[in-house]
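Undergrad: First the structure, which I've put down as structure tokens, then a few questions once you've had a look.
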Amino acid sequence: MISTLVGDWVRLRLQRVGLLVARTRLSPNGFTLLGLLLNLVVAAVIASGNLVAGGILALAAGAFDMLDGAVARVTNRVTRFGGFFDSTLDRYSEALVYGGVLVYLLRSGTETIPILLVYATVVGSIMVSYTRARAEAVGVKAEVGLFARPERVILLAVFLILNRPVWALWILAILTNVTTLQRILHVWQATRGDEPRPNHPAS
């Protein structure tokens, strides 16, 4: 993944930003909530038909979404709930943005196929995150695949700025589900040597 290659570089610089924004005394969970609200604004701008502004704001919101983790690290306030809360609201944030795209398409009188592409993209995006979470639950690290969230945010934003949202949907609908399949295959390869678990009768 591109995000894996540049992740350490981005995190290092975000920690410096985190030191500055931590002075606001807003908690990491507070930044998570603000990120959700910012993505709601992004969705509204896209739905209104201002795709260029929506794309630019989507990039800004994507960067802001990473600040909560940076603030948590530099202030030593990393918690299990914080990670869970951040991951959960990230799913809502992404769904809101796709919802904005959907409203824009409906208001534009689009055909059926772009609507189905939005549906396929949402399903694929959710499954990319779900397969990683389930893999980690069984002890397998599954960050493999082409399209994690950073790639999805950047690609959608770029095509919004280019006023070609349907092009982005074609790519996202295909590659999010390809990424899901990559993770399924990765977990299968990592666990295929496991011994079957015996069935225990209920007591």
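Undergrad: Do we find that V41 is at pLDDT 80 or above and either among the acidic types (D, E) or open to solvent by less than 60 Å² (accessible area, probe 1.4 Å) (or both) in this structure?
TA: So V41 fails the test.
Undergrad: Among (1) at pLDDT 95 or above; (2) open to solvent by 30 Å² or more (accessible area, probe 1.4 Å), there is one condition G54 misses while meeting the rest; what is its number?
TA: With respect to (1) at pLDDT 95 or above; (2) open to solvent by 30 Å² or more (accessible area, probe 1.4 Å), G54 is out only on (2).
Undergrad: Evaluate the following for S125: is it polar (S, T, N, Q), within 15 Å of the chain's Cα centre (by Cα), within 15 Å of R152 (Cα to Cα) and not in a loop (DSSP other than H, G, I, E, B)?
TA: Yes.
Undergrad: Just one of (1) farther than 21 Å from F64 by Cβ; (2) of a type in the set (G, A, S); (3) touching an Asp or Glu at 6+ places or on another chain (Cβ under 7 Å) trips up S125, so point out which.
TA: Result: S125 passes all but (1).
Undergrad: Would you confirm, using the coordinates I've provided, whether A142 is in a loop (DSSP other than H, G, I, E, B), hydrophobic (A, V, I, L, M, F, W, C) and in contact (Cβ under 8 Å) with a residue 12 or more places away in the chain?
TA: Taking the combined requirement at face value, the residue satisfies it.
Undergrad: Of the residues that sit in the range 163-178 and are open to solvent by less than 40 Å² (accessible area, probe 1.4 Å) and not aliphatic (A, V, I, L, M), which one is farthest from L102 (Cα to Cα)?
TA: Top of the filtered list is T176.
Undergrad: Consider P114 against the criteria (1) surrounded by 14 or more Cβ atoms within 10 Å (Cβ to Cβ); (2) modelled with pLDDT under 95; (3) not in a loop (DSSP other than H, G, I, E, B): it satisfies all of them except one. Which criterion is unmet?
TA: (2)
Undergrad: In addition: So G54 clears everything in (1) within 16 Å of L156 (Cα to Cα); (2) out of contact with any Phe, Trp or Tyr (no Cβ under 7 Å at 6 or more places or on another chain); (3) free of Cβ contacts under 8 Å to residues at least 60 places away in the same chain except one condition, right? Which one?
TA: Of (1) within 16 Å of L156 (Cα to Cα); (2) out of contact with any Phe, Trp or Tyr (no Cβ under 7 Å at 6 or more places or on another chain); (3) free of Cβ contacts under 8 Å to residues at least 60 places away in the same chain, only one is false for G54: (3).
Undergrad: Confirm whether A95 is in contact (Cβ under 8 Å) with a residue 24 or more places away in the chain, open to solvent by less than 20 Å² (accessible area, probe 1.4 Å) and either farther than 25 Å from I56 by Cβ or in a helix (DSSP H, G or I) (or both).
TA: no
Undergrad: I'm checking my understanding of the structure. Among residues of the range 128-162 that are open to solvent by 40 Å² or more (accessible area, probe 1.4 Å) and among the basic types (K, R), which one is nearest to S93 (Cα to Cα)?
TA: Filtering first and then ranking leaves R132.
The values are calculated or read from the model by the stated rules, or taken from the named source; none is laboratory data. Please read all numbers here as calculations on a predicted model, not as lab measurements. With ideal geometry, Cβ positions are generated from the backbone for all residues, glycine too; neighbour counts draw on all protein chains shown. Just the protein is used for accessible areas: all its heavy atoms, side chains included, with ligands, DNA and RNA removed. Shrake-Rupley method; radii C 1.70, N 1.55, O 1.52, S 1.80 Å.
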